[in-house]
Amino acid sequence: MSVLGLPTSLYLWAREQSDVHDSKTRWKLGFITVGQENSTPIDLYYEDHGAGPAVVLSHGWPLSSAAWEKQASALLTAGYRVIAYDRRGFGKSSQPSTGYDYDTFADDLHHLVTMLELTSFAMAGHSMGGGEVAGYIQKYGTSALRKAMFISPVPPFLEKTVDNPTGVAASVFTDIQNSIRADRPAHLTTFLSDFFNVDVELGKRVSTEVVQAHWNIACGASPTGTLECVNAWLTDFRAVCASIDIPSVIIHGDADRILPIDATAKPLAALIPHAQLVVIKDGSHGIPWTHADEVNGAMLAFLA
C-alpha cells in the first residue's frame with residue numbers, strides 16, 4: 001500500500017516525526033495541522049508550486065483545490081508561485097465534525113500563511129472561497145496581502161433582509177439543507193447541473209466527464225461539512241468589504257444560477273473602494289472551467 005505516493009510505513013514514520021520535530025517537517029507531505037478533534041489531528045492538504053509572486057487559491061463549495069486546474073496552469077506559466085489548499089472537510093483535508101464557519105476558516109488559512117511565511121501575496125477565492133478572502137481580511141487585515149480576487153463570490157451578504165432587498169430568501173437555504181439531508185449525492189447532481197449550466201453548455205464548454213469528476217470530488221467531501229457550510233454562506237461581510245484597502249477585482253458570469261450577479265458581484269463591487277468588476281458574458285457559476293480563458297485573462301491582467 002502507499003499513501004500520497006509513499007510507502008505506508010514511510011508515510012506513517014514521516015507523520016510521526018512531524019509531531020516531534022519542528023512543524024516544517026509536515027510541509028513535505030503537503031499537510032499542515034491546524035487543530036485537533038479528540039484523538040485525531042485536523043490537517044489541511046495543500047500544494048505549493050512554482051516561483052515568483054505568491055497567489056493563494058481558495059476553492060468553492062463542495063469541491064477542492066483540484067477545481068483550480070485551469071487557473072493553476074495559467075498562473076504557473078505566467079511566472080507565479082501557486083498555493084492551492086483544500087478547506088477543512090473537503091478534498092484531501094481532514095473531515096472534522098466542527099469548524100465550518102468563516103472565523104475558523106480564516107484561522108485555518110492564517111496557519112498556512114504563517115507557516116509558509118507568505119508576505120505580499122495575492123489571494124483568489126471562488127464562490128464560497130470568496131468568503132474566505134473576506135473572512136481572512138476581516139480577522140487578519142491586509143498587511144500581508146497585496147491583491148484580492150473574488151470569482152463568483154458569496155460576499156457581500158446573501159440573505160434577503162429589509163436592508164438587503166436583492167438577497168436570497170432564507171427559505172432557499174433551508175430547502176438546500178433539507179435536500180442535502182435527504183439525499184446528498186442526488187442534491188450534488190442537481191447542484192452541478194446548475195453550477196455548469198449543463199442544459200446550455202454540455203458538449204460546448206463542459207463535458208459529461210468534467211461534471212462527473214466534479215461530482216466525485218463533491219461526493220467525497222464531509223457530509224457534515226457539506227451541510228454546515230450552508231450556514232456559513234449567510235455571513236454578513238458588508239462591513240469588512242467596505243473597508244478593504246487593497247486592489248480588488250470581482251469576476252462573475254452574468255448567467256450564474258447559483259449566485260446571481262445582482263445579489264453578489266454588483267453589490268460587492270459597489271462596496272469595495274475602487275474595485276474592478278469583470279462580467280463574463282453567458283458565464284455560469286463554474287466559470288473557472290466553462291470560461292477559463294476569460295477568467296485567466298482577467299486574473300493575469302489584474303495581477304500584472
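FYI, it's all coordinate maths here, none of it is from the lab. These numbers come from a predicted model, not from an experiment. All Cβ positions, glycine included, derive from the backbone under ideal geometry; neighbour counts span all protein chains shown.
Observations on the structure shown:
- Nearby aspartates and glutamates by direct alpha-carbon distance to Lys160 (threshold 19 angstrom, same-chain neighbours under 8 apart not counted): Asp175, Asp236, Asp256, Asp262
- Listed residues Val56, Val240, Val162, most fluctuating in the chain (Gaussian network, C-alpha, under 10 Å): Val162
- As a length-normalised measure over Cα pairs under 8 Å and 6 or more apart, the relative contact order of the range 162-252 settles at 32 percent.
- Between helix 208-219 and the chain there is an angle of about 60 degrees, using the helix long axis and the longest principal axis of the Cα atoms.
- Degrees between helix 102-115 axis and first principal axis of the chain (Cα, 0 to 90, nearest 10): 50 degrees
- For the peptides 118-124, 152-158, residues were scored by their other Cβ atoms within 10 Å and the scores averaged per peptide; the highest-first order is 152-158, 118-124.
- Gain upon complete extension [Asp103, Ser73; 0.36 nm per residue less C-alpha separation]: 7.8 nm
- Whole-number percent relative contact order across the range 2-303, with pairs defined as alpha carbons under 8 Å at least 6 apart: 18 percent
- The range 2-303: antiparallel DSSP beta bridges as a percent of all, rounded to 5: 35 percent
- The gain in end-to-end length when the Ala304 to Val162 segment is fully stretched comes to 47.1 nm, 0.36 nm per residue minus the alpha carbon separation.
- Cα centroids of the range 204-225 and the range 114-182: 21 Å apart.
- Gyration tensor verdict on the range 80-145 (Cα atoms; rounded if a/c is under 1.5, prolate if a/b is larger than b/c, oblate otherwise): prolate
- Residue-averaged 222 nm ellipticity for the chain, from DSSP H runs of 4+ at -39500 (n - 2.57), nearest 500: -13000 deg cm²/dmol
- To the nearest ten degrees, helix 292-303 and the longest principal axis of the Cα atoms of the chain are 80 degrees apart.
- Shape of the range 2-303, Cα gyration tensor, a/c cut at 1.5: rounded
- Fully extended contour minus Cα-Cα distance, from Thr189 to Thr114, at 0.36 nm per residue: 23.3 nm
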